[in-house]
1. Once label points are set 7 Å from the Cα along Cα→Cβ at both V115 and S208, what is their separation, rounded to one decimal in nm?
2. Can you give me the relative contact order of region 106-209 as a percent, contacts being Cα pairs under 8 Å and 6 or more apart?
3. Compute the acute angle (0 to 90°) between the alpha-carbon long axis of helix 306-321 and the principal axis of greatest extent of the alpha-carbon atoms of the chain; round to the nearest 10°.
4. To make sure I understand the rule: partners must be lysines, Cα under 20 Å from the Cα of K223, and not fewer than 8 residues away in the same chain. Which ones qualify?
5. In Å, the Kirkwood hydrodynamic radius of the chain over pairs of distinct alpha carbons?
6. Starting from the Cα of D244, move 7 Å in the Cα-to-Cβ direction to define the label point; list residues of region 390-427 whose amide nitrogen is under 12 Å from there.
7. Calculate the length of the line joining the C-alpha centroid of region 138-183 to that of region 351-365, in whole Å.
8. For a quick check: with amide H placed at 1.01 Å from N, whose amide H comes under 5 Å from T181's, ignoring anything fewer than 5 positions away on the same chain?
Amino acid sequence: MPEVINPATEEIIRTYDTHGADERRAKIEQAQRAFAPWRDTPVAERGQLLAAVAEQLRARRDSCAELATEEMGKPIQEARSEVEKCAAVCDYYAQQAEVFLKPREVEVDAGRGLVRYDPLGVVLGIMPWNFPFWQAFRFAAPTLAAGNTVLLKHASNVPGCAMAIESLFADAGFPSGVFATLLISSSDTGGVIAHSAVKAVSLTGSDSAGAKVAAQAGEHLKKCVLELGGSDPFIVLADADIDDVTAKAVQARCINSGQSCIAAKRFIVEDKIYDAFVERMRDVMRALKVGNPRDEATEVGPLARRDLLESLHDQVERSVAAGAVPLVGGAPLEQIGYFYPPTLLAEVTPHMPAFAEETFGPVAAVIRANDVDHAVALANNSQFGLGASIWTADRDRGLELAARIEAGCVFVNDIVRSDPRMPFGGIKRSGYGRELGEEGIHEFVNIKTVRVA
């Protein structure tokens, strides 16, 4: 019987039963039966139900936020903001789905040409623990609006969040079987992917998990969208305002206690301002409040699991052994809970783990760039390609450089974030496919050509 551990106290907060083979099969078959009537439900009615989910989220904001804080350690203020963002994505697709799904007329030589966007069927979402509500809703809102039914396989350490999400849809009036949670282990996921009723898969997780799920989906020739890890560069050019940029840099690195695929991880700074930037960033990181995630003043909470803490510290130790200079933090806090302090590593180079690997925690690696071209080369010297940001007083130059960055999204003078209105996803080992925006709702549809003579 799996256990859920509070990462701030290391106490077992609940045990839960997973769904056995018969229960899994029943839920999949129920989702399959629910598909036809849901597909035939007018898009406007689907939108009304999504809007009702948004109302449920806002009404239960505090209780949902407390669940996330308890199960994975998210600072409570950030947890509340996450729930509100989920409501926003439901509202967005409630309002825009009819526009995005409207058949498109195509001029043809004779007769009539149409492009339709028809749903696929049952779609499995395999979601992570770090944003336990947002990641699930980011996938589910457009997928449901398109007329698919959804099965959620959530991370094993956030079962309370997973069941809360299911209840939000049920209480908003969604028909039975249109959205359901599967409490199963990762080892059982392959069997769900293989089931004939499941038509597509969306995964948010590590690159290794993505490779495995892609192989399983590929074996059965099923559509797959992968949003995987990242080692996002944060490029600071010599004309940037250091005081403003360092405050944003620390925010970009330490949001969600550093446990974010799109957190800035590699801070690539032009040589002219490198020393001043490092000194200022050191002071800002040192001032962050680390502690109980239920405390309103806490800025950095615990990591979600002990193994994550140990893995992060191993990356720091190997980087220091290779020549990185620790200026702040650098070791787990000696107290109960999986707390790793904000850590700043200077003089990082490409051969170090802090540069080459994804660090999932509040560890910032600062790299010296000789000039702008060197900064771009360093940014692109990565197996990942999720997000990137460029900081400069010259916005036009920032836009020009954005075209040279190998990433799915590039922000100029802003922190990388996902926005319901714009497509989100990566390249290289950060995955493929897109979530959100118009592109996101079209990932799990049959883009169907219709020709009438």
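1. 4.0 nm
2. 34 percent
3. Computed tilt is about 40 degrees.
4. K153, K199, K212, K428, K448
5. 22.8 Å
6. In region 390-427, the label zone of D244 (backbone N under 12 Å from the point 7 Å along Cα→Cβ) covers 391-395, 413-414.
7. Centre-to-centre (Cα) distance: 33 Å.
8. L152
Read-outs throughout are calculated quantities, based only on the coordinates presented, and are distinct from any laboratory measurement. This one's a predicted model, so the numbers in the text were calculated from it and none came from an experiment. Every residue, glycine among them, receives a Cβ derived from its backbone with ideal geometry; neighbour counts consider all protein chains shown.
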